[in-house]
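Inspection log for the structure reproduced underneath, given as structure tokens.
The values are calculated or read from the model by the stated rules, or taken from the named source; none is laboratory data. All values reported here derive from a predicted model rather than from experimental measurement. Ideal geometry is used to build each Cβ from the backbone, glycine not excepted, and the neighbour counts take in all protein chains shown.
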Amino acid sequence: MATKPDSVFRSLDRKAAAIVEFTLRQYRTRTSTWVVLGVGFTALALIFLIYIDVMASEFESVDNDGDSFDTDGDGYPTGQERKLGTDPFSDESHPGMFDPPIEPEPASKYINEDGFDWDVTASFGEQSTGYDDDGDCLNSNRTASQKDTNENGIPCDIIIQRSTSPTGEIVIQIFADEGVDEDPDEDAYTREAIHLGFVLSIGKLGFVLLLGIFLPLFMATGLIRDEMTSGTMHYMLAKPVARTEVFLYRTLGYLGIVWPYVIVLGILGALVSGFVGSGDDFFRFADLGVWLAIVFATMMATLVYGMLFNALGVLWKYGIILAIPFAAWELGMALLSMGAPDATILRFSVIGWALMIIDSVAMMVWPNLDTFILMGEWGGGGQGSDIFGSSSLQGSVPLSFFSSKPGLGLSAFASTIVATLVLLIQAVVFWFIGGALFKGKEIQ
Amino acid sequence: MSDDAEPLLPDAPIEQEYEPESPVTGKGRLEAAWGSTEGDEDLSATDTTAPRSEGHVFKQQYKPWNGQLNPRWMRNWAILRHHLLGIFKKGHRPWGVPIRLFLLVVFVASLTDVAMVLVSGLIGESGLHSVWGVSRDNLYGHVLGFLPRNMLYYPVVAALLVGGVISEDRQHGTSAMYFSRPITRFDYVSMKFLSVALIQAMIILITLALYYFAEIVSMGRGWAWILDTFPMFLATVISGVLLIFTYTSLGLALSSVSKGKFFPGIALLSIILGTKVLAFIVSNLFDREILYLLSPYDCLAHVGQAIIGTQPTYDQYSWTWSLASLAAMNAIALFTLSSRVSSMEVTRE
Amino acid sequence: MIPDFDQQGQAQTKEWTPEVQAPAILLENVSKSYGRIFALSNITLALNGGVTGILGMNGAGKSTLFNLLMGKIKASQGSIKLFGTNPWKNPAPYARVGFVPEHEKMYDWMTAHGFVSTFARLNGLTRDEAGIEADRVLEFVGLTDVAYKKIGEFSKGMRQRVKIAHALVNDPELIILDEPLQGCDPLARTTIMNVIRELGKMGRTVLVSSHILQEIERITEQIVILHQGRLLALGNLHSIRERLDQIPHRISIEAENPKALAKDIIDIDEVFGISFPDGRNVSIQTHNLGAIHARLPKIIVENGHKVSSIDNPDDDLASILGYLTSGGRV
């Protein structure tokens, strides 16, 4: 019958294909699969819709330095008077008295007139940056010391000082000369910050946490156990297939439905945020890297959790009772990883490593993310717009909450590799444990 | 056949007659009916200790029962008792050992504030007491605090309890046993509801009462203090009842739509935690709070904050919206539950 | 090493070379205990070729024996060899085994053809080969017409036949059927029995379990009787029966005039007792069932008795077991 000798692998992958295909078809016939996938899609779509709505709305522009007002009532905004050297607090002195007289400019010109133009690297020590676009620092009737309030010898600049505190934490301080980058464009900043924050939060909490934990909980816990309870496992085990293989192939079948689902949702998210997100280009191609990391991290998380929950199902009829506290633990770890990404306890979780992939890739794709958050939290250093009087711009606080540094102290690329390897090892370990449990299980 | 079998049994068969009034002690029968939730099915075979060579043939005698049917509440009480006592001892509904263990752990963990009040009362330091003593925030935290109570304790308890409470009946065919008795479906489902709710109440409300009582005892509070704080204690109890009711109705609705044991538990947990996480993302990032109206926990917390009188987490909408949302959730859940149970096919699945 | 994505290659599993001389089934001193209960105790058995019926009451250990053979559970003691290999350790021998489990639960959402061919692929067949093989076995069990219907729509007997088809798809040398006739209507029963007999004629080793002697009797003569986990009898049904014939038996005849019939029957030498349980029946006690049955019809016809039924109340498994276990005392 055999014309050419088949390798062991050939018959192995035939069995694998059969079980994977069987598992996929089995999922297809279950209502719960569609309910779970549909609910997951709806929940994420809801957030996408809110995101689109937010991005379509205008963010209030704030005159951070207050120079758009005509304080002295002479018809010229303070900014214009300051720039031209007349006294903004006296209606006796205004550019209209010049020869020839200068027409007053509209107040809107003095809102958002001095945005961020920072160019800094993440190195330690002092760096000088920033440029006074509107000239309210550089203008001539200030003294040299008034122009250099941060006393570094460069007039009208901003000092970013990065240092290490005695406890080992990185401390960043900002010393700005008065009137430099003090009136940034809130709309542009907030739009960008919300966009970045959206990608990170939906990636971390929406994809890795919610999809990553609940899809395996619903779909992987019963992969072996349901068959054992209903007695249909007998058909599969009466064939020359090792139980460890059955365990693996069933899990692959589960991944066969979960991974495409995650990929499709990831593409959807990338498209929505790419087209709707802020930016000059038609589409934000740079974000695709982060979306790739999100999809990849979710795939790894569903792999590890799938193996684990499947193994818990094999271990015990009510494996779910073990899985539920574990899922709650992972939820706590996810929140912890955003607050304290260095915590050692995170290394004992799955989600800590998966989130590290996203953080590392975000660091590579958006190298200026740190500076961006920093400038938003500084926000021009003036009187803030919110009720607490903080000068930070809207969107910077959630962005800084949702983004964090990979806590290994390695480079971004190395962290990605390490996290991926750890997740793969976790998956293999859970496979072996699950396979061994299954092998030693007596099935009635 | 029956008289043929007699020669096999040299020993005289033990005759036993059961009076209608005698207590139900059929442990073996009940376990067979409910399935052993004790652990693996592999182990259940060890229960049969009697050697098979000796058997008993019971005298088969059918007596039509002419007794008086107990009142309806008494029959319902039997169902309720069956479920509640199962937590404490054998011979009633066999809740799994891990579930009972988890209930114990949560009960003890819920007593942390009681312990702290007692400790601070013993030490007598006012600073410690101001942190742990009865206050609006602490009362709120006891019932509605998110971390850890409404993340790790109460929803998980509800999920574990609700997991098999109806679906297991459907799976094992014990619903047929219920419905062959003089019990209406409404009685059946309301007793299921009540038993799950009461077990949660034991954990949440009893520890709350203990907390309040511990404060009175340890600090020697007088009537004036009690009159002062009782309204907010009562408000906490009400919000606790609302929490238990909502978790139970959501859970039982999920339990009634599914055959499996896994699904209702995970679904309940994913509804409670998932919507909470979504609302968290949206309110943090976009400064829009509308999504929390979909989250049972956030609505409960909001209503609780309003009636207990603590700082609300979400303030873009009035708390009556949360109450309306809760009412809608419960209505949908109870409608699902009642329509599923009334159309449930009494078969073994 | 390249995965066989196109699934076009020829099927041949090479990872396992069976021992040529080993019998299909070899059990040596096998025991299986659950705590203090012995489900099987000290079974030694070798089977190779032909149809063998495993008889036993419910709980006698039939299913435990099959579960042991299929590597579902682990023997507490002793060694089990399936074609010379321990099935608990290595599933490879299942390439030559077909198993029909007792469980009723099936994948109701699959078609008969889908079910059989999917599981055929677990034997290492390609998709195409599995399809062809599935057609073949479904025809063998007579389900070609309904091959593409959902199993959920099938009757009990059809489901049993689907299970048998699934077990036969890899052309196995050893076929194990756990209670294949349970719950089937007479027609399905006959079909399944024919299938099993056919398999026996094809030279396969077939193991059929049942708790009804008459069923097994119609399929095979070689039986194994299990009782309370112990091997009670083994061998040809007729020789076992002949031994049983030496023990007191009863024949119950329902007749219009039992007294008159009894008068005629008492003349037969082998009859040593007659009783009248009620007005319509006469109960004969004998040591030699065969002799009575040889002469009974003649007596009835010659004397013109009106007989409505002749029954051997002891000729069922229960009474055989009763006899065997009680050491000859009835």
A:Glu192 passes all but one of (1) surrounded by 17 or more Cβ atoms within 10 Å (Cβ to Cβ); (2) over 30 Å from A:Gly409 (Cα atoms); (3) not aliphatic (A, V, I, L, M); which number fails?
(2)
Condition met for C:Ala39 (away from chain B (no Cβ under 14 Å) and either surrounded by 17 or more Cβ atoms within 10 Å (Cβ to Cβ) or modelled with pLDDT of 75 or more (or both)):
no
Is it fair to say B:Trp77 is surrounded by fewer than 20 Cβ atoms within 10 Å (Cβ to Cβ) and away from every other protein chain (no Cβ under 14 Å)?
yes
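Restricting to the range A:336-368, count the residues that are surrounded by fewer than 18 Cβ atoms within 10 Å (Cβ to Cβ) and either part of a helix (DSSP H, G or I) or of a type in the set (A, V, I, L, M) (or both). Working first, answer last.
From the range A:336-368, those surrounded by fewer than 18 Cβ atoms within 10 Å (Cβ to Cβ) are A:336, A:339-340, A:342-345, A:347-348, A:364, A:367-368; that's our starting set.
Filter once more, so that each one left must be either part of a helix (DSSP H, G or I) or of a type in the set (A, V, I, L, M) (or both): A:336, A:339-340, A:343-345, A:347-348, A:364.
Within the range A:336-368, residues that are surrounded by fewer than 18 Cβ atoms within 10 Å (Cβ to Cβ) and either part of a helix (DSSP H, G or I) or of a type in the set (A, V, I, L, M) (or both) number 9.
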Would you mind finding the one in C:Gly98, C:Gly53 that is within 11 Å of chain A (Cβ to nearest Cβ) and in a strand (DSSP E or B)?
C:Gly98
Out of C:Asn48, C:Asn58, report the one residue that is surrounded by fewer than 17 Cβ atoms within 10 Å (Cβ to Cβ), modelled with pLDDT under 85, assigned by TED's automatic domain parsing to the domain that holds C:Arg230 and within 15 Å of the chain's Cα centre (by Cα).
C:Asn58
Residues of the range A:306-318 being more than 8 Å from every other protein chain (Cβ to nearest Cβ) and either within 29 Å of the chain's Cα centre (by Cα) or not hydrophobic (A, V, I, L, M, F, W, C) (or both), in sequence order, are A:Gly306, A:Met307, A:Leu308, A:Phe309, A:Asn310, A:Gly313
Report the residue count in the range C:113-128 for those that are in a helix (DSSP H, G or I), at the interface with another protein chain (Cβ under 7 Å from one of its Cβ atoms) and farther than 13 Å from C:Phe99 by Cα.
2
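Please determine, by comparing only the residues of the range A:388-413 that are part of a helix (DSSP H, G or I) and in contact (Cβ under 8 Å) with a residue 24 or more places away in the chain, which one is nearest to the other protein chains (Cβ to nearest Cβ).
Step one: list which residues in the range A:388-413 are part of a helix (DSSP H, G or I), which gives A:396-402, A:412-413.
From what is left, the residues that are in contact (Cβ under 8 Å) with a residue 24 or more places away in the chain are A:396, A:398-402, A:412-413.
Values: A:Ser396: 12, A:Pro398: 5, A:Leu399: 8, A:Ser400: 11, A:Phe401: 7, A:Phe402: 8, A:Ala412: 24, A:Phe413: 28 Å.
Ranking the qualifying residues of the range A:388-413, first place goes to A:Pro398.
Restricted to the range A:1-56, and to residues that are among the small types (Gly, Ala, Ser) and modelled with pLDDT under 85, which residue is surrounded by the most Cβ atoms within 10 Å (Cβ to Cβ)?
First pass over the range A:1-56, keeping only residues among the small types (Gly, Ala, Ser): A:2, A:7, A:11, A:16-18, A:32, A:38, A:40, A:43, A:45, A:56.
Of the ones still in play, those that are also modelled with pLDDT under 85 are A:2, A:7, A:11.
Numbers: A:Ala2: 10, A:Ser7: 15, A:Ser11: 25.
Among them, the one singled out is A:Ser11.
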All but one of (1) crowded, with 22+ Cβ neighbours inside 10 Å; (2) away from chain A (no Cβ under 14 Å); (3) closer than 16 Å to C:Glu139 by Cα hold for C:Met158; which doesn't?
(1)
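For the range A:109-126, give me each residue that is surrounded by 17 or more Cβ atoms within 10 Å (Cβ to Cβ) and either polar (S, T, N, Q) or not in a strand (DSSP E or B) (or both).
Of all residues in the range A:109-126, those surrounded by 17 or more Cβ atoms within 10 Å (Cβ to Cβ) come to A:110-116, A:118, A:120.
Selection gives A:Tyr110, A:Ile111, A:Asn112, A:Glu113, A:Gly115, A:Phe116, A:Trp118, A:Val120.
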Condition check for B:Leu268: part of a helix (DSSP H, G or I), within 13 Å of chain A (Cβ to nearest Cβ) and crowded, with 24+ Cβ neighbours inside 10 Å:
yes
Can C:Val141 be described as under 30 Å from C:Ala22 (Cα atoms), surrounded by 19 or more Cβ atoms within 10 Å (Cβ to Cβ), away from every other protein chain (no Cβ under 12 Å) and aliphatic (A, V, I, L, M)?
yes
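Evaluate the following for A:Gly253: is it within 13 Å of another protein chain (Cβ to nearest Cβ) and within 27 Å of A:Gly203 (Cα to Cα)? Before you say what the answer is, go through the steps one by one.
Values: within 13 Å of another protein chain (Cβ to nearest Cβ): yes; within 27 Å of A:Gly203 (Cα to Cα): yes.
In short, yes.
Whether any residue in the range C:162-169 is farther than 23 Å from C:Ile25 by Cα and crowded, with 23+ Cβ neighbours inside 10 Å is what I want to check. Lay out the reasoning, then the answer.
Applying the first criterion (farther than 23 Å from C:Ile25 by Cα) to the range C:162-169 yields C:162.
Those still in the list that are crowded, with 23+ Cβ neighbours inside 10 Å too: C:162.
Looking for residues that are farther than 23 Å from C:Ile25 by Cα and crowded, with 23+ Cβ neighbours inside 10 Å, one finds at least one in the range C:162-169, hence yes.
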